[in-house]
Amino acid sequence: MRTPWAILLGGVAGFVGQLIFAQSNQLTLPAMVEAGSAFSIETAGSGQGTLYVAGLGQVIRKDVELGKTAWFPAGSLYDAGRYVVILEASGNSESGILDVAPQTKPASLSFLARPSRLPIALHNGITGAVYVFDAYKNLVTAPTPVSFALSSPSGAAQTRTVTAKDGAAWTAMDSTAKQGADKFVAEDDDIASTRVIGQVPGDPCGLKMTAKPDGDKVALATDPVRDCSGNAVPDGTIVTFTETYGDTQSTVDVPLKRDIAAVEMPAHNGATITVASGVILGNQIRWEK
Amino acid sequence: MIRFKAILMIGALAGATAGVALAQATVKVEPASVNGPRPLAEQTAQAVIRDYLESWQSLSAAFDQDRADLLDADFVGDARDKLAQAIRDQSQMAVSTRYQDRAHDVQIVFYSPEGLSIELSDTVDYDVQLMDHDKPLGTQHVHARYLVVLTPSELQWRVRILQAQAG
């Protein structure tokens, strides 16, 4: 009874042995290859064989002469990652692992900047995130300095340099005091990517109106409406005038036109008139003829 | 006695082989170590890791069946393009590969400030079986640290970058 069991066990062991490779001394692989560069694989023995290089981004099959160097020209293997290499010859297979590293020189940046438009003078209001890629769209994982610069039309600039970790870098910047289109630039080596950030005036600041009699009306007009940094608040911004007289309240919404909002309201002696824009309150006038 | 031992050994081997075919990968999730200013909600972290782990199933099926379209649900952009390229490569050469993930050790490492991308690292153990014209060439075990970038789509997070680190 021993013999059949021994044969069966030997067969099972052989089958499992075929399925699970050991690192071969018939196959000499480079420790690491840079993406896109030429490389070679050494094989031992004699006769013909086939090399298989299989990864998640590329699969290569190459007929080889055993005992000679198998050359792979530049551009053969360009997708960074870990590859299984199998040498098959005369029904026997041997295998190993080959690493392909991304190029260290960046070739492109994926630059996300947010928001595209925001009010002036917001602390850390603008963020930028960058992923760094090589010429083959591999993530450059070696630490690399990424510089960020936010410049306003007046020329003032904020700059930061951040070391990318695992291919990613980020920064936060303050929006500047002047309205306009700012340039937000991310740069690594000589590769730059630019985004435009629109900076709009903030909320009105020091909202003030004056009143003049105009027959049986009162003519109300604001001073030019500015934000706290002196930027003109955009035309079309709604200014609300409210007149309270006894139990009666009248409200008129007026869009800014050439920085000023103006309206006529009934002139009630003793009426109280207020002005506001959004949540920003302006001055109050008590109308006396 | 010998016979009993042999039966036990064969049983164990058969069990192991069945286990190889059917086993689910073990998953270990490390506490997030996020580079970035944006707070990472627990639900977001769970969704990202769930969607990422599912992507290995579609990757495996796509390579096994030579069907790049099976990648569409879980991969996008360069990751999808590169995987599809590998599937085209192997299809043209009548080579096929079977990927079976065994273990994952996942950690979220970057959440971009605007919330449009999450990067995680995954130390993966997986097996790759190669066949040429349906003839098995063997199975190689691979241990590698992957960097993975996912971006949100309508219903889920999709893998945009999937790259094993060299060394």
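Details
- Distance violations [Cα-Cα > 28 Å] among A:165/B:28; A:62/B:82; A:137/A:183; A:105/A:178: A:105/A:178
- Interface size, chains B and A: roughly 4500 Å² of accessible area buried, both sides included, 1.4 Å probe, rounded to the nearest 100.
- Rounded to the nearest 10 Å², the accessible area of residue A:212 at probe 1.4 Å: 140
- The stretch B:56-65 - phi-based ³J(HN,Hα) in whole Hz, Karplus 6.51/-1.76/1.60, Gly and Pro as x: 5, 5, 6, 4, 4, 5, 4, 5, 5, 9
- The loop-placed GluC sites (Glu not before Pro) in the stretch B:88-162, going by DSSP, that have at most 11 neighbouring Cβ atoms within 10 Å of their Cβ come out as B:154.
- Chain B - percent relative contact order, Cα under 8 Å, separation 6 or more: 23
- In this structure, the amide hydrogen of residue A:277, modeled 1.01 Å from its nitrogen in the peptide plane, lies closer than 5 angstrom to those of A:240, A:282, counting only residues at least 5 positions away or on a different chain.
- Amide H to amide H distances under 5 Å link residue A:45 with A:67, where only residues 5 or more positions off or on other chains count and H is placed in the peptide plane.
- Rounded percent of accessible protein surface that carbon and sulfur make up, chain A, 1.4 Å probe: 53
- Solvent-accessible surface ranking, highest first, for A:238, A:86 at 1.4 angstrom: A:238, A:86
- Legend: calculated FRET efficiency, residue A:250 to residue B:114, from the Cβ-Cβ distance at R0 = 30 Å, rounded to 0.05, equals 0.10.
- Accessible area per residue for the protein assembly as shown is 48 Å², calculated with a 1.4 Å probe on protein heavy atoms, without ligands, DNA or RNA.
- Candidate cross-link partners of residue A:212 among the lysines, defined by an alpha-carbon separation under 24 Å and a same-chain spacing of 8 or more, comprise A:257, A:289.
- Zone residues, the stretch B:96-114, relative to residue A:123, backbone N less than 20 Å from point 7 Å out along Cα-to-Cβ: B:113-114
- Cross-link reach is defined here as a Cα-Cα straight distance under 16 Å, omitting same-chain residues fewer than 8 places apart; for residue A:217 the aspartates and glutamates meeting it are A:243, A:264, A:288.
- When only alpha carbons are used to place a centre, the stretch A:82-98 and the stretch A:220-257 end up 78 Å from one another.
- 222 nm mean residue ellipticity, helices alone, for the protein assembly as shown (DSSP H n ≥ 4; -39,500 (n - 2.57); rounded to 500): -6000 deg cm²/dmol
- Overall form of chain B per C-alpha gyration tensor (a/c, 1.5; a/b vs b/c): oblate
- Residues of the stretch A:90-139 buried by at least 20 Å² of accessible area upon assembly of all protein chains, compared with the chain on its own (1.4 Å probe): A:97, A:99, A:112, A:114, A:127, A:129, A:131, A:133, A:137, A:139.
- Solvent-accessible area of residue A:216, all protein chains in place: 110 Å² (probe radius 1.4 Å, heavy atoms, ligands and nucleic acids excluded).
- Spin-label model, residue B:67 to residue A:142: label points 7 Å out along the Cα-to-beta-carbon direction sit 4.2 nm apart.
- Straight-line reach from residue B:135: taking Cα to Cα under 20 Å and skipping same-chain neighbours fewer than 8 places apart, the aspartates and glutamates in range are A:63, A:88, A:94, B:64, B:66, B:89, B:127.
- Paramagnetic label zone (point 7 Å from Cα along Cα-to-C-beta, residue A:214; backbone N under 13 Å) in the stretch A:248-289: A:261-267
- Inter-chain neighbour count for A:72-84: the average number of beta-carbon atoms from partner chains within 10 Å of each residue's beta-carbon is 4.
The values are calculated or read from the model by the stated rules, or taken from the named source; none is laboratory data. Computed from a prediction, not measured in an experiment: that's the story for all the values here. We place every Cβ from the backbone using ideal geometry, glycine too, and count neighbours over all the protein chains shown. Remember, those area values only see protein heavy atoms, side chains included, never the ligands or the DNA or RNA. Shrake-Rupley method; radii C 1.70, N 1.55, O 1.52, S 1.80 Å.
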